[in-house]
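Computed from the coordinates by the stated procedures, all read-outs in this text should not be read as laboratory data. A quick note: this is a predicted structure, and the numbers were derived from the prediction, not measured. Note that we place each Cβ from the backbone using ideal geometry, even for glycine, and neighbour counts take in every protein chain shown.
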Amino acid sequence: MFLLAPVVLLLSRRLAMFDLGEDSAAALGVSVDRTRILAVLAAVGMTSVATAAAGPISFVALAAPQLARRLSGTAHIPVFAASLMGAGLLLAADLASQRAPLDLSLPVGQMTGLLGGGYLLWVLTRRSRP
């Protein structure tokens, strides 16, 4: 992370110019292809460091927005509520993995996988009913 964070900070100005469009960014002197490749490599590197540290917790990214949308009752996904729901789900999975019976402590990634599998089965059974 210490190696990749400065790269992202250096790219932030160039990436901000991408909001104007690729042609405008290129006209302002940004090397579009090189910036895109460096940004993707930095993002992949930072994601792999986070995954190596915490384990695969991908279920949270699938479930949190949908649960937040259901709880808020809106048609669109509320971003702030989804981030709070994701934090809550990860906290619940961590507590469940620490408090597992019979001293069976599971990594958080495995616990989120178990919870995510249960959630997926629940969604599939609710969708298949007429």
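Closer than 28 Å to L3 by Cα, more than 20 Å from the chain's Cα centre (by Cα), among the aromatic types (F, W, Y) and part of a helix (DSSP H, G or I) - does that describe any residue in segment 119-128?
No, every residue in segment 119-128 fails to be closer than 28 Å to L3 by Cα, more than 20 Å from the chain's Cα centre (by Cα), among the aromatic types (F, W, Y) and part of a helix (DSSP H, G or I).
When segment 112-122 is filtered for residues that are over 11 Å from V60 (Cβ atoms) and surrounded by 13 or more Cβ atoms within 10 Å (Cβ to Cβ), the ones remaining, listed by number, are L114, L120.
Within segment 59-91, the set of residues being of a type in the set (S, T, N, Q) and more than 11 Å from the chain's Cα centre (by Cα) comprises Q66, S72, T74. Restricting to segment 82-106, name every residue that is loosely packed, with under 15 Cβ neighbours inside 10 Å and part of a loop (DSSP other than H, G, I, E, B). R99, A100, L104, S105, listed by residue number.
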